[in-house]
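The structure appears right after this line, and notes come after that.
The values are calculated or read from the model by the stated rules, or taken from the named source; none is laboratory data. Please read these numbers as outputs of a predicted model, since none were measured by experiment. FYI the Cβ positions are ideal-geometry reconstructions off the backbone, even for glycines, and counts take in every protein chain you see.
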Amino acid sequence: QVTDKLATENPSSPSYDWFQTDSLVTIVIYTKQKAISLDSVIVDHQDGSFRAETIVKDCSYLIHLGLSHEVQEDFSVRVVENVGKVEIVLKKRENTSWKCLGHPLEKHNSFIPKKDAGLYFRKCKLISKEDITHDTKLFCLMLPPSTHLQVPIGLHVYLKLTITGTEIVKPYTPVSDSLLSKFKEPILPNNKCIYFLIKIYPAGLFTPEFDHLQIGDLVSVSSPEGNFKISKLQELEDLFLLAAGTGFTPMVKILNYALTNIPSLRKVKLMFFNKTEDDIIWRSQLEKLALKDERFDAEFVLSAPNSEWNGKQGHISPALLSDFFKRSVEKSKVLLCICGPTPFTEQGIMLLQDLNFSTDEIHSFTA
Ligand code: FAD
Ligand code: NAD
């Protein structure tokens, strides 16, 4: 039984404590780090297990308990950023005094590198599905009420479905519901929806099955993964985005966030490679955004255009990149984000380095 403060062997490890009133139980996590925000904490209460994972730098601190008494489904999570403290407030089902918080479950009170923590899934409900292009749809999944999870900008999650008896897991990058709605990141605490733009490949393993889900069906969603750091956007002057096909997905939140939250930003330039005009995701939204915000430009490049196309065409090339990705001022603070099919991304990184962008100035999105 876990009854008291847990001293930890590792001095840099977070620790936790708990206290109660008649109706509430508060679990406090002391991370000993200041760079903690609401998206550093993922809480799940399901199937008799209470799980709170706190991401501290590149490590994961886990509280994993079978609670000693029942609690209500909803709870609140607060972060006191300047002292690195997390508070999870649970509502008791009955106003009795708890003698202990609960019994430890697997890896309780562990502090391990995030890469060793494994994927944890919770079941989310499909609540809407909207056609965006001939093969790409916007899906909205709703987290269960007993989960607190926010996907940080630039990170992806894994979706899992059991297909003919085998679990299939694929990565997808959450997007905003639109490029034009007011950006609200970090999402409101009660915002439970995660949006995805997903291209359906008729011969694919996962996407046709995912597309067959009915509204109300469940799909397992992992905790966020990836290595993009939002601090890369701080004091940025030029943001250059290089996307191919669904490689556009990580750009959505980055571009929304940068235009809304980075006062130093002078220019956001998106070069978006697709096969045909019909493949361009959110083309009219991108065009509207460029009209609305003079800092933003989008250039569409098609590899298989029809004869009516009078825009840029071809594959990624030195000439296309050097013409478009020009700094707004000499030595501006710049970040280049690149995402698409692996050969596209690899070629893009090489070409950008040839154009004298440093490795620090380039972020590529991969699995
Ligand atoms: P697969 O079974 O992987 O097949 C894909 C295509 O390749 C099909 O056309 C299939 O016919 C063909 N194919 C399969 N095997 C072969 C073969 N041996 N030879 C030739 N052709 C073959 N996708 C999105 O749509 N949206 C996202 O937000 C998104 N985010 C991602 C984030 C990350 C970090 C990564 C790595 C990928 C992301 N993807 C995203 C891609 C996604 O993970 C899947 O790869 C994609 O959905 C295809 O999955 P599938 O199982 O349906 O198709
Ligand atoms: P697609 O096949 O429709 O191609 C889009 C464009 O990519 C083409 O018009 C072409 O300009 C370029 N392209 C394609 N193959 C190329 C090659 N071999 N060399 C150079 N350029 C090439 O693209 P799609 O079906 O939408 O696929 C998008 C890809 O992006 C998938 O492989 C997906 O896994 C990847 N993706 C990765 C992430 C991530 O890592 N975070 C996120 C989203 C998508």
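The residues in region 237-251 that are among the aromatic types (Phe, Trp, Tyr) and more than 9 Å from ligand 2 (Cβ to nearest atom) can be counted, and the count is 1.
With the structure loaded, tell me whether Gly245 is within 12 Å of ligand 1 (Cβ to nearest atom) and out of contact with any Leu (no Cβ under 7 Å at 6 or more places or on another chain) or whether it fails that test. For Gly245, the condition - within 12 Å of ligand 1 (Cβ to nearest atom) and out of contact with any Leu (no Cβ under 7 Å at 6 or more places or on another chain) - is met. As for region 234-245, it holds at least one residue that is assigned to a helix (DSSP H, G or I) and either closer than 23 Å to Glu346 by Cβ or not aliphatic (A, V, I, L, M) (or both). Which of the residues spanning region 314-345 are within 16 Å of ligand 1 (Cβ to nearest atom) and touching a residue at least 60 places away in the same chain (Cβ under 8 Å)? Answer for region 314-345, where residues must be within 16 Å of ligand 1 (Cβ to nearest atom) and touching a residue at least 60 places away in the same chain (Cβ under 8 Å): Cys337, Ile338, Cys339, Gly340, Pro341, Phe344, Thr345.
Of all the listed residues (Gly348, Gly311), the sole one being in contact (Cβ under 8 Å) with a residue 60 or more places away in the chain and of a type in the set (Gly, Ala, Ser) is Gly348.
When residues in region 103-135 are screened for being small (Gly, Ala, Ser) and at pLDDT 95 or above, 2 of them pass. The set of residues in region 94-147 being farther than 20 Å from Val169 by Cα and without any contact (Cβ under 8 Å) to a residue 60 or more places away in the chain consists of Glu94, Thr96, Leu105, Glu106, Lys107, Ser110, Ile112, Pro113, Glu130, Asp131.
Here Val79 meets each of (1) loosely packed, with under 14 Cβ neighbours inside 10 Å; (2) within 28 Å of Asp177 (Cβ to Cβ) with one exception, condition (1). Among the helices (runs of 4 or more DSSP H) confined to region 279-367, the ones with at least 3 residues that are within 16 Å of ligand 2 (Cβ to nearest atom) and of a type outside the set (Gly, Ala, Ser) are located at 318-324, 342-354.
Could you look through region 159-189, keep only residues that are at pLDDT 90 or above and within 26 Å of Lys288 (Cα to Cα), and pick out the one that is nearest to ligand 2 (Cβ to nearest atom)? Let's see the steps before the verdict.
Taking region 159-189 as the starting set, the residues that turn out to be at pLDDT 90 or above are 159-179.
Adding the requirement that they be within 26 Å of Lys288 (Cα to Cα) leaves 172-179.
Numbers: Tyr172: 8, Thr173: 5, Pro174: 11, Val175: 10, Ser176: 15, Asp177: 18, Ser178: 18, Leu179: 16 Å.
Across region 159-189, the extreme among qualifying residues is Thr173.
Condition (residue is touching a helix residue (DSSP H, G or I) at 6+ places or on another chain (Cβ under 7 Å), crowded, with 16+ Cβ neighbours inside 10 Å, touching a residue at least 24 places away in the same chain (Cβ under 8 Å) and closer than 22 Å to Pro145 by Cβ) applied to region 26-45: is it met by at least one residue?
Filtering region 26-45 for residues touching a helix residue (DSSP H, G or I) at 6+ places or on another chain (Cβ under 7 Å) gives 34, 36-37.
Subset that is crowded, with 16+ Cβ neighbours inside 10 Å: 36.
If we keep only those that are touching a residue at least 24 places away in the same chain (Cβ under 8 Å) as well, we get 36.
Keeping just the survivors that are closer than 22 Å to Pro145 by Cβ gives none.
Within region 26-45 (the criterion being touching a helix residue (DSSP H, G or I) at 6+ places or on another chain (Cβ under 7 Å), crowded, with 16+ Cβ neighbours inside 10 Å, touching a residue at least 24 places away in the same chain (Cβ under 8 Å) and closer than 22 Å to Pro145 by Cβ), the answer is no, since none of the residues qualifies.
Does Phe139 satisfy being at pLDDT 95 or above and touching an Asp or Glu at 6+ places or on another chain (Cβ under 9 Å)?
Values: at pLDDT 95 or above: yes; touching an Asp or Glu at 6+ places or on another chain (Cβ under 9 Å): yes.
Criteria met by Phe139.
For region 190-228, a residue qualifies if it is more than 15 Å from ligand 2 (Cβ to nearest atom) and either among the small types (Gly, Ala, Ser) or without any contact (Cβ under 8 Å) to a residue 60 or more places away in the chain (or both), and the qualifying residues are Asn190, Asn191, Lys192, Glu209, His212, Gly216, Ser220, Ser223. Only one of the numbered conditions (1) in the same structural domain as Arg327 (by TED's automatic domain parsing); (2) modelled with pLDDT under 95; (3) of a type in the set (Gly, Ala, Ser) is not met by Gly247, and that is (2). Of all residues in region 279-302, those that are in contact (Cβ under 8 Å) with a residue 24 or more places away in the chain and more than 16 Å from ligand 1 (Cβ to nearest atom) total 14.
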